[in-house]
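So the structure is just underneath, and the comments pick up after that.
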Amino acid sequence: MLPQIKDALKKLEDKELEKKYLQLITTLLEKGYFPGLEGVPVAKSSISNIDGDKGLLTFRGYPVQELAKHGSYEEICFLLLKGDLPLLEERIELTEDLLDHKELDDSIAETIVSMDDDLHPMHMLSSSILQLQSADAGCFNVENYQHNLNRAVQLIAKFPTILGTYRKQDPNFAEGETFDSLARYILYCFNEELAKQEKWINIFEQLLILHVDHTMNNSTFSVRAVGSSKASIYASIATAVNSLSGPLHGGANERVIKMLEEIGDPENVEAYLEEKINNKEKIMGIGHRVYQTYDPRALYLKENIIPRIFNEQSDVDPELDNLYQIAKKLEKTALDKFADKDIYPNVDFWSGLVMRAMDIEPKYFTTIFALGRVIGWTSHWVENMEVKNKIYRPKQLYDGFNTRHIIREEK
Ligand code: CMC
């Protein structure tokens, strides 16, 4: 059967497509299903695109590096939600709109403060998003594009406030402050001092932009799967936050910094890696499903942001510098050891160090990933409502009992 399929596929003009279809058909013939849906297209989308061989990531056609270098959080938000970069007036209008909608209802802010502060911030975030629904009775009507877009903007605006309220345990944590940009406001939620310094706002804004979207990753797929049942934006985005919290997805950035601390000294890198590889354990911040080369987001951090923190500053804290030295050694050693497997550092490898340099607590690292990604999630949710996707309802391969019956002994 396979030779006939191969002959049929050879007729395709697009050779990349031929390769992808052949991989899928081979998996199906060998396994009968697609573990982890690897390589399976599940939706049409025009929001972002990845060429995993070339290490290219684009948002609405623009390379992510250009957007990080020249764009603002608000511009990228407009680009993703509406399809093109804004004119100046449109950017100003969106910035005002976002800043105007950042406040939470008193009852929601009080609930956030009353939550146990042992709750991981990602789980606090997902439950708080669900609470926002109580102030938005109309959210169950998901058919109106303009309403969907407005809800997306309002939800993006409230994300940092939820986190700032919880982190500072204060419903009025930003009272009396004014903000001229979302990046400054978001940074203020995590570090008031750095939010006064243009250099750090710029670094932070670039970090957010790098995380904005990434095609059909696990959390974005979750948004589309939940949204395909016509569930509300709150239900869909809360699900995405939970997906992102996992260590194989966004939760890796928090674990990278813990790993560097655990290694403790550049001298220990080799032995640490050997042990992990022998135990078949994953190294955090390494590897990716779609890149067969260096993750462009990780490369951008390594080449453009890390030097601004470690090479241009003379007063780097020695403890932080030690983590940087460990990361450099780990990167080099992992690249050597995994040379035959096409495994490279991903965005989480370097982003943890950037956030650590900004004195942000590691348990908040993944929430910063989410603060970028919420733009992509909401854009996918809006797009999904427009394309009238079918409800996601895949098949399973059942490998349980054949039908059987309860046998009761006569008494
Ligand atoms: N450490 C050691 N080996 C690895 C790693 C790693 N981090 N990643 C992949 N491999 C090996 C894996 O053992 C397997 O080897 P073999 O074929 O010999 O069994 C091969 O590479 C393929 O790995 P996989 O787990 O089947 O690949 P996947 O596409 O299912 O998983 C991944 C991708 C990102 C979940 C995985 O690379 C991983 O667990 N990395 C560590 C967690 C991490 O850094 N996650 C952040 C991802 S980037 C941010 C985001 O977008 O979420």
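A short reminder: the numbers here are calculations on the coordinates, not readings from a lab. Here the structure is a predicted model, which is why all the values come from computation and not from measurement. No Cβ is skipped: glycine too gets one built from the backbone with ideal geometry, and neighbour counts run over all protein chains shown.
Find, among the GluC sites (Glu not before Pro) in segment 309-393, those assigned to loop by DSSP (not H, G, I, E, B) with at most 11 other beta-carbon atoms within 10 angstrom. Qualifying residues, ordered by number: E312. Across the chain, Cα pairs under 8 Å and at least six residues apart give a relative contact order of 22 percent. Segment 1-53 and segment 142-161 have Cα centres spaced 35 Å apart. Considering only L163, P41, I203, and ranking their Cα positions along the charge dipole of the chain that arises from unit charges at the beta-carbon of Lys, Arg, Asp and Glu, the one farthest toward the positive end is P41. Within the listed set G176, G372, G61, the residue fluctuating most in the Gaussian network model of the chain (springs between alpha-carbon atoms under 10 angstrom) is G176. Sparsely packed loop sites in segment 1-52 (the GluC sites (Glu not before Pro) outside DSSP H, G, I, E and B with at most 11 other Cβ atoms within 10 Å) comprise E13, E38.
Between the amide H of N346 and those of I286, G287, distances stay under 5 Å, these residues lying 5 or more places away or on another chain, with hydrogens modeled in the peptide plane. In this rough spin-label picture, where each label sits 7 Å from Cα along the Cβ direction, the D51-A8 distance is 3.0 nm. Listed by chain and number, the lysines whose alpha-carbon sits under 27 Å from that of K276, ignoring those within fewer than 8 places in the same chain, are K258, K302, K328, K329, K332, K337, K341, K363.
Computing FRET efficiency as 1/(1 + (r/R0)^6) for V40 and K411, where r is the C-beta to C-beta distance and R0 is 56 Å, gives about 0.60.
Couplings 3J(HN,Hα) of segment 279-286, computed from phi: 7, 6, 9, 7, 8, 5, x, 10 Hz, in residue order, whole Hz [Karplus 6.51 cos²θ - 1.76 cosθ + 1.60, θ = phi - 60°; x for Gly and Pro].
Working from label points 7 Å from Cα in the Cα-to-Cβ sense, the H120 to E361 distance is 1.5 nm.
Among A327, A357, A271, the largest mean-square fluctuation in a Gaussian network model of the chain, built with springs joining Cα atoms closer than 10 Å, belongs to A271. Compute log10 of I(q)/I(0) for segment 222-343 with the Debye formula, placing one identical point scatterer on every Cα and leaving out solvent, at q = 0.13 Å⁻¹, to two decimals. Summing over Cα pairs of segment 222-343 leads to -0.66.
A simple rule links phi to the HN-Hα coupling: the Karplus curve 6.51 cos²θ - 1.76 cosθ + 1.60 with θ = phi - 60°, which for segment 12-22 gives 5, 6, 7, 5, 5, 5, 4, 5, 5, 5, 5 Hz, with x for Gly and Pro.
Looking at A271, L28, L323, which one has the Cα that reaches farthest to the positive end of the dipole of the chain (charges on Cβ: Lys, Arg +1; Asp, Glu -1)? Final value for the positive-end residue is L28. Rounded to whole numbers, the Karplus 3J(HN,Hα) couplings from phi for segment 229-240 are 8, 6, 5, 5, 4, 5, 4, 6, 6, 4, 4, 4 Hz, using 6.51 cos²θ - 1.76 cosθ + 1.60 with θ = phi - 60°, and x at Gly and Pro.
Translational diffusion coefficient of segment 1-114 (Stokes-Einstein, Kirkwood radius from Cα pairs, 37 °C, 0.692 mPa s): 177 µm²/s.
Where Rh is the Kirkwood radius over the Cα pairs of segment 13-69, the temperature 37 °C and the viscosity 0.692 mPa s, what D in µm²/s does Stokes-Einstein return?
Details: Rh = 13.4 Å.
Once the numbers are plugged in, D ends up at 244 µm²/s.
Each other residue within a Cβ distance under 13 Å of L208 adds +1 if Lys or Arg and -1 if Asp or Glu, for a net charge of -1.
Helix content alone sets the calculated 222 nm mean residue ellipticity of the chain: runs of n ≥ 4 DSSP H residues at -39500 (n - 2.57) each, divided across all residues, give -17500 deg cm²/dmol.
In this Cβ point-charge picture (+1 for Lys and Arg, -1 for Asp and Glu), segment 2-41 has a dipole of about 80 debye about its Cα centre. Its Cα centre serving as origin, the chain has a Cβ charge dipole (Lys and Arg +1, Asp and Glu -1) of approximately 2200 debye. For the chain, the spread of Cα coordinates along the three principal axes comes to 69, 66, 57 Å, biggest extent given first.
Quick one: longest stretch of the chain between exposed loop chymotrypsin sites (Phe, Trp or Tyr not before Pro), exposed meaning at most 11 other C-beta atoms within 10 Å and loop per DSSP?
The segment 1-397 is the longest one with no such site.
Placing a label point 7 Å from the Cα of E386 along the Cα-to-Cβ direction, the residues of segment 72-90 whose backbone N falls under 17 Å from that point are 76-87. For segment 252-357, the residue among F338, N311, V290 whose Cα projects farthest onto the positive side of the dipole built from Cβ charges is V290. With contacts taken as Cα pairs under 8 Å at a separation of at least 6 residues, segment 252-357 carries a relative contact order of 49 percent.
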